[in-house]
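The values are calculated or read from the model by the stated rules, or taken from the named source; none is laboratory data. This one's a predicted model, so the numbers in the text were calculated from it and none came from an experiment. We place every Cβ from the backbone using ideal geometry, glycine too, and count neighbours over all the protein chains shown. With ligands, DNA and RNA removed, areas are computed over all heavy atoms of the protein, side chains included. Shrake-Rupley method; radii C 1.70, N 1.55, O 1.52, S 1.80 Å.
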Amino acid sequence: MFGPPGSGKGTQASRVAVQLGVPHVAAGDMLRSEVARGTALGREAKPIMDSGGLVPDDLVVRMIDGRLNEPDARLGVLLDGFPRTVPQAITLDKMLGGRKEMVANVISLEVPEQELKTRILKRATIEGRSDDTAEGLAQRLVVYRQDTAPVLEHYRAEGRRIVAIDGVGDIDAITERIMKSLQHNDAPVGSA
Ligand code: AMP
């Protein structure tokens, strides 16, 4: 599940994962859990996350690799917020290749920037995420454009199926759009 901050990645990924019957593996949620538990990774990640930057690739890759080794991930997972840089994508391709697996679909949620800003500032009042500030969002958008958007080009160049979804509108309708687009797919949906 791919998209800018505020595009509804987390919301849609958890719903789509339930419908596909695969675990929802959300890098941001896993990092927030490390922060809440005060682990070494969490202590290193917190100031970076609060400033809207990216946690170093090697730390995030190790965390995701560990998760993919768990038994429930055997038949595929829905990745949310990972890979977020081209080096992460290349490492993921290698990790999956070693298991005879691959990224089967890239779901790209498309939402105009003004709508992202409105949504994030609204989420700030509801969830109280420490990175949901005007500065945090501005920085996350810069990082998204610079480091994360090229991940989509990486998968396009690799010939993977990119499922572009209009991420504006009713939450149920967006989930339905995603599920419909996945069904029109030749590649096996559950393979990554
Ligand atoms: P998210 O919940 O996906 O918006 O992620 C929240 C924050 O966690 C991001 O702004 C980053 O600081 C960090 N983060 C999440 N996923 C990654 C990743 N794949 N690589 C590096 N940092 C990440």
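Mind checking which residues of region 99-118 are within 20 Å of G136 (Cβ to Cβ) and acidic (D, E)?
Matches in region 99-118: E113, E115.
Restricting region 5-42 to residues that are more than 15 Å from the ligand (Cβ to nearest atom), touching a residue at least 12 places away in the same chain (Cβ under 8 Å) and not in a loop (DSSP other than H, G, I, E, B), which is least open to solvent (accessible area, probe 1.4 Å)?
V16
Pick from region 95-112 the residues that are closer than 17 Å to G167 by Cα and away from the ligand (no atom under 16 Å from the Cβ): which of them is least open to solvent (accessible area, probe 1.4 Å)?
N105
Where in region 70-180 are there helices (runs of 4 or more DSSP H), lying wholly inside it, with at least 1 residues that are within 16 Å of G52 (Cβ to Cβ)?
Filter on region 70-180 gives 113-127, 134-143, 149-157.
Just give me the residues in region 44-94 being surrounded by 19 or more Cβ atoms within 10 Å (Cβ to Cβ), within 8 Å of the ligand (Cβ to nearest atom) and without any contact (Cβ under 8 Å) to a residue 40 or more places away in the chain, in sequence order.
Within region 44-94, A45, V55, V60, I64 qualify.
Only one of these conditions is not met by Q146: (1) within 15 Å of the ligand (Cβ to nearest atom); (2) open to solvent by less than 70 Å² (accessible area, probe 1.4 Å). Which number is it?
Failing condition for Q146: (2).
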